[in-house]
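What follows is calculated from the coordinates using simple rules that are stated; it is not laboratory data. Fair warning: this is a prediction, and the values are worked out from it, not measured in the lab. So basically every Cβ, Gly included, is an ideal-geometry build from the backbone, and we count neighbours across all protein chains shown.
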Amino acid sequence: MSPVLSGRLKTRLAANEQLGLVWLTLGHASITEIAAHSGADALVIDLQHGLWDRRSLETTVGIAAGTAPVIARVADSSTTAIGNALDAGCDGVLVPLIESREQAEQAISAARFPPHGHRSGGGVRPLAMGFGTYLERAGHVAIGLMIETAAGVEQAEAIVTTPGLDFVLIGTGDLGISYAARGQSDATEKGCLRVKEACAKAGIPCGIFTGNVDKALERRAEGYHLVVLASDVDVVRDAFNGVVRDFAGAA
């Protein structure tokens with residue numbers, strides 16, 4: 001089987017395995033290659049806030065194929081954004097800012113071909129591998145939704161029971177901003193717990209964004225199934241800051 005859409009990500013999610021993710025924002029194929037060989041369970045390509053374009057996404061999926069599954073955190077929940085990421089051959093999509101069952105249904109439908117959804121057929125990689133073959137494997141795509149606002153938390157029970165959903169990831173940064181805007185800065189952890197409990201009841205793996213490996217270990221111990229071990233921005237920044245600090249301190 002071609003390494004593109006092998007189904008291993010979806011299989012591991014269905015088995016409720018705990019996965020460590022590496023988050024990639026800088027949009028550089030060489031960094032992706034290094035990250036793919038790190039042993040991370042999956043790479044997240046951040047198309048919402050990152051420096052990626054369509055061509056660099058296609059390149060990075062090809063580089064990572066056979067080494068690490070690739071999840072695209074798409075720019076938004078539109079049919080075009082989701083379709084573009086999947087046309088590149090990503091193993092999964094992660095759709096941000098879901099706040100209702102209706103939005104969840106629309107996002108999942110955009111990731112599935114008829115009769116299960118309304119995704120359009122095409123894309124260089126699917127056509128190159130033979131579209132009939134790609135269609136046979138399209139069901140291997142893992143679909144994740146991000147709950148990252150107070151409004152989304154309030155609808156968590158409805159969102160996580162949407163048919164076709166493979167996993168949920170809590171976006172702690174935006175969730176904190178959302179609660180702060182309501183004057184409820186101390187409600188973020190309670191919101192995270194509500195989402196996690198809703199996922200557990202529905203049998204859906206629940207992940208959470210974590211900024212470093214220490215926090216990732218803490219959240220894993222709390223029962224979250226997907227955690228972020230590092231981002232490329234943090235790794236590069238910390239490495240440069242560290243060597244400059246060590247050099248200055250040795251003077």
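Summary table below
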read-out	value
Fluctuation leader among ALA239, ALA187, ALA64 - the chain, Gaussian network, Cα springs under 10 angstrom	ALA239
Contour excess over end-to-end distance, with Cα ends at LEU127 and ARG237 and 0.36 nm allotted per residue	35.7 nm
Contour excess over end-to-end distance, with Cα ends at SER78 and ASP186 and 0.36 nm allotted per residue	35.7 nm
FRET efficiency, 1/(1 + (r/R0)^6) with R0 35 Å, evaluated for ARG54 and PHE247 via beta carbons	0.30
Theoretical gain in end-to-end length, HIS37 to ALA202 [0.36 nm per residue, Cα-Cα removed]	56.0 nm
Cα centroid separation - region 191-229 against region 68-92, whole Å	22
Cα-centred dipole magnitude for region 19-106, charges only on beta-carbon of K, R (+1) and D, E (-1), debye, nearest 20	160
Relative contact order (%) - region 1-101, alpha-carbon pairs under 8 angstrom, separation at least six	27
Cα centre as origin, Lys/Arg/Asp/Glu Cβ charges: region 1-148 dipole, Debye	340
Prolate/oblate/rounded call for region 133-251, Cα gyration tensor, a/c under 1.5 rounded	oblate
Relative counts (whole %) of C-alpha pair distances in region 8-249, using bins that are 5 Å wide	1, 7, 14, 18, 20, 17, 11, 7, 3, 1, 1, 0, 0
Of all DSSP beta bridges in the chain, antiparallel share, percent nearest 5	0
Packing-based exposure ordering (other Cβ within 10 Å, fewest first) of ASP76, ASP214, ASP46	ASP214, ASP76, ASP46
Rounded FRET efficiency, nearest 0.05, which uses the C-beta distance separating THR161 from ALA221 and R0 of 22 Å	0.25
Label zone at GLU154 (point 7 Å along Cα-to-Cβ), backbone N below 19 Å, region 65-103	97-103
